[in-house]
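FYI, it's all coordinate maths here, none of it is from the lab. Being a predicted model, the structure only gives us computed values, none of them experimental. Note: ideal-geometry Cβ built from the backbone for every residue, glycine included; neighbour counts use all protein chains shown.
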Amino acid sequence: MLGFGSKPIGLGRLLGHHYICLLCGHSLDAQVSHALHKNTIRESRIYNVIQEWIIPCNIQATSHICHKCWMAANRASVQMTSGPSTSLGQDNPQIVESH
Ligand SMILES: [Zn+2]
């Protein structure tokens with residue numbers, strides 16, 4: 001009589017949480033995904049790398065990336081923080097020590 005006949009009771013599943021990789025756009029439903037935080041130094045570095053990669057977009061609180069992209073970002077963050085000396089030497093070509 002009241003028109004509530006087809007109310008979907010019991011649909012407790014959280015629909016609408018289909019994460020896709022922020023970088024490559026692949027669905028993260030069936031694979032390892034990584035949320036982006038800045039809880040640790042390492043996470044902050046990765047976060048910064050990804051932020052640079054997606055400029056002018058911004059990382060959202062709900063943003064996730066797939067493991068492959070996370071690995072790439074992790075590698076890039078390590079290179080970014082550990083290898084600043086390689087490009088500095090090019091301004092000094094006369095470092096030729098002859099003994
Ligand atoms: Zn990805």
Q. From the backbone phi of the stretch 41-46, what are the Karplus-calculated ³J(HN,Hα) couplings (6.51 cos²θ - 1.76 cosθ + 1.60, θ = phi - 60°) in whole Hz, Gly and Pro given as x?
A. 4, 4, 5, 5, 5, 4
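For Ile54, Ile46, which order do you get if you count the other beta carbons within 10 Å of each Cβ and list the fewest first?
On the way: Ile54 14, Ile46 26.
In order of increasing Cβ crowding within 10 Å: Ile54, Ile46.
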Q | Where labels lie 7 Å past Cα in the beta-carbon direction, separation of Glu52 and Asn39 in nm | A | 2.5
Q) Which ordering of Trp53, Trp70 is given by a fewest-first count of other beta-carbon atoms within 10 Å? A) Trp53, Trp70
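State the extension gain, in nm to one decimal, for the chain segment bounded by Thr81 and Ala61, taking 0.36 nm per residue of separation less the distance between their alpha-carbons. Provide the component values of the computation, followed by the final result.
Details: separation 20, 0.36 × 20 = 7.20 nm, distance 2.45 nm.
Gain on extension, Thr81 to Ala61, equals 4.8 nm.
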